[in-house]
Structures are given as structure tokens and as C-alpha cells.
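The numbers here are math on the coordinates, done by the rules we state, and not lab data. Source: prediction; values computed, not measured. Cβ coordinates were reconstructed from backbone atoms using ideal geometry, including for glycine residues, and neighbour counts include every protein chain displayed.
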Amino acid sequence: MRRAVCPGSFDPVTNGHLDIIGRASRLFDEVIVGVLINQSKSGLFSVEERIDMLREVTASYGNVRVESFRGLLVDFCRAQRATVLIKGLRAVSDFDYELQMAQMNIGLAGVETLFMPTNPLYSFLSSSLVKDVAKWGGDVTPHVPDVVRAALKARLVPPST
Ligand code: PNS
């Protein structure tokens, strides 16, 4: 069985993430979305909340599993018996750091990284931008699934100006 891992923070999942996960799910037998547990950085959403949202929005794909991990990504890949990582590239600016991580990961454990060009519709999109727009009351409807839009609305009260 060909398994791939789509790793990230997903705080929260955006339509850009979903585009990559969905396309990966058509190329592999199983896709495991790996949500990083980062003890040194507290997110807007807890890891459990991120996982719940990811599970809801990927359920229709049928071959996507969502799990959390801590520590090295290559150890998570090994535990999941996946030999391939899928990373989305939004722009050339993403490439520098992604290349370093890909080379480190193949050196550490022989885990391959495949880069997938992001759909141009989402090339400017990031979880951080979405949170900032939502914080100030902007419309994030085109950028995130409905469940995420509702969760952002419930979590973020626009600061008084
Ligand atoms: O969505 P993000 O925050 O850009 O995802 C970054 C992620 C999770 C892919 C990266 O931080 C990662 O792989 N972290 C796990 C720790 C690790 O393996 N570090 C060495 C990478 S070469």
C-alpha cells in the first residue's frame, strides 16, 4: 500500500491545505495528515480542535486519516509506514526552506518529499493570514471550509480599534 504523509500545523486548516490533501488522496492509497504538536508554540486552536476540523473536512475523501505527532517528522512517517511526504509550494519563496527540510528528511531516514504546486487560487493563502483577517472581522469565506469559518468566528472577537 502506497502511503503519503501531509504534515503541518493546520492552525487552522485552509482551502489551500485541503487542495493539497485532496490531490494527494487521488495519487496514494492512503494519506495521513500529520498535525504537529508544538510545545513551544501555542496556537489559536488546540491540536484536538485542529484534528476535529481536519477529520470533518477530509471525511469525504475516504482514504485520509488525521493523526497528531511530536518530535521528528521522519519518525512519524516510519511509525505510519509511509515513505513519502507531500508538501505544497505556494511560491518560490516557500522553496528554500522546504528544500532544506526535504534534504534533511531524506538524509535522516530516506523519506522522500514530493512538492505539489498549490492551486493558484490559494497561492497567497496561509493560516496566519486567515487568522489575521478573521480577527479584524474580514470575510474568510473563500479561504476556509465552513466549519473553520464558524470556529474562527466563535474564537475571535474583533479587538476594539
Ligand atoms: O504547517 P507548518 O508549520 O509549516 O509545518 C511545519 C512542519 C510540521 C512540516 C515542520 O515543522 C516539521 O516537520 N516539524 C517536525 C520536526 C522535524 O522533523 N524537524 C526537522 C525537519 S527537517
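Numbers at a glance
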quantity	calculated
³J(HN,Hα), Karplus 6.51/-1.76/1.60, whole Hz, each residue of region 145-150, x for Gly, Pro	x, 4, 4, 6, 4, 5
In degrees, nearest ten, helix 92-109 long axis to first principal axis of the chain (Cα)	40
Relative contact order computed over the chain (Cα-Cα under 8 Å; 6+ residues apart), in percent	27
Degrees, to the nearest 10: 47-58 long Cα axis against longest axis of the chain	80
GNM top mover of Val31, Val147, Val66 - the chain, alpha-carbon springs below 10 Å	Val147
Trypsin sites (Lys or Arg not before Pro) within region 52-161: DSSP coil, no more than 12 neighbouring Cβ in 10 Å	Arg70, Arg81
Tail weight of P(r) past 25 Å, computed on alpha-carbon pairs of region 3-123, percent	17
Residue order, fewest to most surrounding Cβ atoms within 10 angstrom, among His143, His17	His143, His17
